[in-house]
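The values are calculated or read from the model by the stated rules, or taken from the named source; none is laboratory data. Just so it is clear, the model here is predicted, and its values are computed rather than measured. Glycine gets a Cβ as well: all are built from the backbone with ideal geometry, and neighbour counts include every protein chain shown.
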Amino acid sequence: MKIYTKTGDQGETGLLGGQRISKASSRISALGVVDELNASIGFARSAGLEASLDSILAEVQNRLFDLGAELAAVSGSEWQIASIQHRHILPLETDIDRMTAILPPLQRFILPGGTPGSAAMHVARGVCRRAERVLLELHTLEPLRDEVIAYLNRLSDWLFTAARYENHVSGNGDVFWEKENQP
């Protein structure tokens, strides 16, 4: 099987169910940023994260792939699925609470950085926030399920907390923002 089909050479792509749409559409932008988020999480995982973080991110990658399938399906087609459910959000919240109980209280703004894994999760958090914004744009045109937006919002919270946790368990701690003293 060849990886190239040439069917997209004119700026269109196919959805699950056969419909062709512009690659510049809001739906394809949403698909693209969810794919980018998945790739950034894969990159973070390659940094050798603490085992509990890596395990959750493995699950997240699979759910993001499912979300991509949901976004790629023609509404009302046999391919349409409801990928993200409330049951996918709860483990993120539980783990945020677990990590927060271990971390020192957050009393200052922090900068992305520290260990390579922490820095990579901060990058993924930024991509996740962008994915949330792009999906909200799509939502104004084509309503999305509430769980999809909530999942991305909670995932960005988890990525922030996990980045702090990765620095903490490595012994590095948070990287704090130092406000410039202006005359």
**Message:** So residue 67 passes all but one of these: (1) of a type in the set (A, V, I, L, M); (2) part of a helix (DSSP H, G or I); (3) more than 15 Å from the chain's Cα centre (by Cα). Which condition number does it fail?
**Reply:** (3)
**Prompt:** Limited to the range 30-88, what total is found for residues that are free of Cβ contacts under 8 Å to residues at least 24 places away in the same chain, among the acidic types (Asp, Glu) and in contact with a helix residue (DSSP H, G or I) (Cβ under 7 Å, 6 or more places away or on another chain)?
**Reply:** 1
**Request:** Consider residue 161 carefully, then state whether it is part of a helix (DSSP H, G or I), surrounded by fewer than 16 Cβ atoms within 10 Å (Cβ to Cβ) and in contact (Cβ under 8 Å) with a residue 12 or more places away in the chain.
**Result:** no
**Request:** Would you mention how many residues in the range 89-113 are closer than 20 Å to residue 155 by Cα, touching a residue at least 60 places away in the same chain (Cβ under 8 Å) and of a type outside the set (A, V, I, L, M, F, W, C)?
**Result:** 5
**Message:** Kindly evaluate residue 169 against the criterion of being touching a helix residue (DSSP H, G or I) at 6+ places or on another chain (Cβ under 9 Å), assigned to a helix (DSSP H, G or I), among the hydrophobic types (A, V, I, L, M, F, W, C) and within 19 Å of residue 35 (Cβ to Cβ).
**Reply:** no
**Prompt:** Limited to the range 82-106, what total is found for residues that are surrounded by 12 or more Cβ atoms within 10 Å (Cβ to Cβ) and at pLDDT below 95?
**Reply:** 4
